[in-house]
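> Could you have a look at this structure, given as structure tokens, before my questions?
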Amino acid sequence: MCILESKRLNLRPPRPTDIEAMAVWLDDYDVAKNLSRVPYPYSEEHAEEFLAMPPDGRHVFVIERKQGGTFLGLIGLHPDETGYEFGYWLGKPYWGQGFATEAADRLMTYAFESMGLEMVHAGWFVDNPASGHVLAKLGLRHNGSKLRFSRAREADVLCHDMLLTRADFLRKQAA
């Protein structure tokens with residue numbers, strides 16, 4: 001896998017030295033509850049299992065600050081029955097600083113230009129509007145809502161599905 005660069009960030013493949021940081025940030029319920037597949041509490045063993053999973057078409061990147069190499073979170077594209085879903089998370093100290101938008105914009109460029117995807121989708125839980133704002137800034141459009149299971153909450157939560165086509169992304173980039 002490659003390293004993707006943006007103004008402030010590097011998106012790079014995860015490595016074993018990331019396990020501790022992953023466990024620290026994902027063991028924060030405020031982070032874990034916003035994700036569908038992450039259990040809570042979250043341990044280093046969970047991070048090891050995640051990193052040991054076969055790629056199976058997944059494209060997972062660590063979000064790392066260029067200056068200092070600080071681990072901020074993860075972002076990735078995951079194949080599913082409708083194409084590719086993208087998701088991301090950041091440790092709480094890095095919320096509200098534009099890192100999610102910057103990393104997601106770079107990942108969408110990779111998805112459409114390097115992978116040749118025609119569309120991607122993402123979801124956000126109804127009580128996490130900040131994630132919805134990130135997706136809207138990228139040009140994703142609402143594509144329905146449904147209950148989705150959150151492992152951390154051990155409950156179904158209303159999730160808004162968002163869709164981004166290659167044409168919409170390129171149009172937004174050109175504007």
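None of the figures in this text is laboratory data; all of them are computed from the coordinates on show. Here the structure is a predicted model, which is why all the values come from computation and not from measurement. Don't worry about glycine lacking a Cβ; one is built from the backbone with ideal geometry, like all the others, and counts go over all protein chains shown.
> Go through (1) in contact with a Lys or Arg (Cβ under 8 Å, 6 or more places away or on another chain); (2) of a type outside the set (S, T, N, Q); (3) in a loop (DSSP other than H, G, I, E, B) for F112 and report which single condition fails.
Here F112 meets the rest and fails (3).
> Residue by residue through the range 91-109, note down the ones that are out of contact with any helix residue (DSSP H, G or I) (no Cβ under 6 Å at 6 or more places or on another chain) and not in a helix (DSSP H, G or I).
Answer for the range 91-109, where residues must be out of contact with any helix residue (DSSP H, G or I) (no Cβ under 6 Å at 6 or more places or on another chain) and not in a helix (DSSP H, G or I): W95, G96, Q97, G98.
> For the range 45-61, state whether one or more residues are within 18 Å of A130 (Cα to Cα), touching a residue at least 12 places away in the same chain (Cβ under 8 Å) and buried (at least 20 other Cβ atoms within 10 Å of the Cβ). Walk me through how you get there before you give the answer.
Start the filter on the range 45-61 by keeping residues that are within 18 Å of A130 (Cα to Cα), which leaves none.
So far as the range 45-61 goes, no, none of its residues is within 18 Å of A130 (Cα to Cα), touching a residue at least 12 places away in the same chain (Cβ under 8 Å) and buried (at least 20 other Cβ atoms within 10 Å of the Cβ).
> Could you grab me the full set of residues in the range 131-175 that are β-branched (V, I, T) and under 27 Å from S43 (Cα atoms)?
As a first pass, look at the range 131-175 and keep what is β-branched (V, I, T): 134, 157, 165.
Selection gives V157 alone.
> Read through the list (1) surrounded by fewer than 18 Cβ atoms within 10 Å (Cβ to Cβ); (2) assigned to a loop (DSSP other than H, G, I, E, B); (3) touching a Phe, Trp or Tyr at 6+ places or on another chain (Cβ under 8 Å), then give the number of the only condition that L170 fails.
Condition not satisfied by L170: (2).
> Let me ask something additional. I need a count of the residues in the range 52-83 that are assigned to a strand (DSSP E or B) and not small (G, A, S).
Final tally of qualifying residues: 15.
> A further question on this structure: Return the total of residues in the range 122-141 being over 17 Å from R171 (Cα atoms) and assigned to a strand (DSSP E or B).
Just the residues of the range 122-141 that are over 17 Å from R171 (Cα atoms), to begin with: 122-134.
Now narrow it down to the ones that are assigned to a strand (DSSP E or B): 122-125.
Residues meeting the conditions: 4.
> State all residues of the range 101-156 that are among the basic types (K, R) and over 13 Å from N34 (Cα atoms); if no residue qualifies, say none.
Across the range 101-156, the qualifying residues are R106, K137, R141, K146.
> Looking for something within 15 Å of P16 (Cβ to Cβ) and either of a type in the set (A, V, I, L, M) or out of contact with any strand residue (DSSP E or B) (no Cβ under 9 Å at 6 or more places or on another chain) (or both) - is there at least one such residue anywhere in the range 73-82?
yes
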